[in-house]
Amino acid sequence: MATTVVCWNIAKRHDAWRQLVEMDADVALLQEAGRYPYDVASRVDIGPREHWDSHYWNSDWYKPRFPRLFDRWSMVVKLSDRVEVEWFKQVSPISDTAEDEIAVSGIGTIAAARIIPRDAAPFIAVSMYGRWIAPHRSAKSNMKVGYPDGSAHRIISDLSAFIGNTDPGTHRILAAGDLNMAFGGKDDAPFAPRERTVTDRMDALGLEMLGPQHPHGRQADPTPEYLPADTRNVPTYHTTSQTPATATNQLDWAFASRGFHHGITVRALNEVDEWGPSDHCRLLIEVSG
């Protein structure tokens, strides 16, 4: 029996939690997860707070500047009794961690757990969130939002701790989430070269990009100008001026260990009638074997 994983940036929407628990899925990899509503409390298990809350491994350096570090966490959520979940507690980026820890170098960017299906081998599941990082003030940049690839490279460094052999067939890792990057843009697209450094690094670690790609999702019509005509990208995010019907950007992606990836399918639930209450659609991931 396949293990069903839902990857979703829920934008702190309570209705997204409600829709999630109606899907009969086993595990959710969430980004921008705020508090869940009380009416779903008995149907979700978010594990120990140490697995997602960066306050647990930080000092009080932030208090003079911010009331809290972050409130839109990445999480690994247990949704069924068909799997057991062993969450990894976050600790500061040290070089030697305990069996139940993961060293993290970004705030709110990653959460990880070992998923143990009832009838299949365990695998590591990682929820990724490529937070935007503002340029340093000395750069005098006109990039108001910033850039996400810095967060993505921190994520890759953190999850690489689970890769202890040059043969990717020895690993069973599924990493998915909102990376805030389109990938596959034209060579003259402003951030295409920086985005390629992320996929190149994933590939070097033996992590295959699974998409989703067309036909496993509806494509944007017309094709965005920054993408080539033969793109297979499928929109997974809409801006405040768009709707699910007019969404153009694919920002959500899944990767898996080479070899392990053959038993995994990924589809974007991006049809208008299945999009859901968030500005991101869901990725439906089936893990077999």
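Only residues that are β-branched (Val, Ile, Thr) and either in a loop (DSSP other than H, G, I, E, B) or closer than 18 Å to residue 254 by Cβ (or both): list them for region 187-221, please.
Passing the criteria: 198, 199.
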Handout entry: Hits in region 45-66 (condition: surrounded by fewer than 16 Cβ atoms within 10 Å (Cβ to Cβ), of a type outside the set (Asp, Glu) and in a loop (DSSP other than H, G, I, E, B))
Key = 48, 58, 59, 61, 62, 63, 64, 65, 66
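Looking at 164, 169, 177, 184 in this structure, which one is of a type outside the set (A, V, I, L, M, F, W, C), over 21 Å from the mean Cα position of the chain (by Cα) and either surrounded by 19 or more Cβ atoms within 10 Å (Cβ to Cβ) or not in a loop (DSSP other than H, G, I, E, B) (or both)?
The conditions single out 169.
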Completion exercise
Those residues of region 256-279 that are surrounded by 15 or more Cβ atoms within 10 Å (Cβ to Cβ) and not in a helix (DSSP H, G or I) come to a total of 15
Practice task
Report, by residue number, each residue of region 21-36 that is at pLDDT 95 or above, in contact with a helix residue (DSSP H, G or I) (Cβ under 8 Å, 6 or more places away or on another chain) and either in a loop (DSSP other than H, G, I, E, B) or surrounded by fewer than 23 Cβ atoms within 10 Å (Cβ to Cβ) (or both).
Solution key: 21
Practice task
Answer yes if at least one residue in region 215-228 is surrounded by fewer than 22 Cβ atoms within 10 Å (Cβ to Cβ) and closer than 28 Å to residue 117 by Cβ, and no otherwise.
Solution key: yes
Practice task
Working carefully through the options 131, 154, 137, find the one that is of a type in the set (Lys, Arg) and in contact with a strand residue (DSSP E or B) (Cβ under 9 Å, 6 or more places away or on another chain).
Solution key: 154
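The values are calculated or read from the model by the stated rules, or taken from the named source; none is laboratory data. Quick caveat, the model's predicted, so the values are computed rather than measured. Using ideal geometry, Cβ is built from the backbone for each residue, glycine included, and neighbour counts are taken over all protein chains shown.
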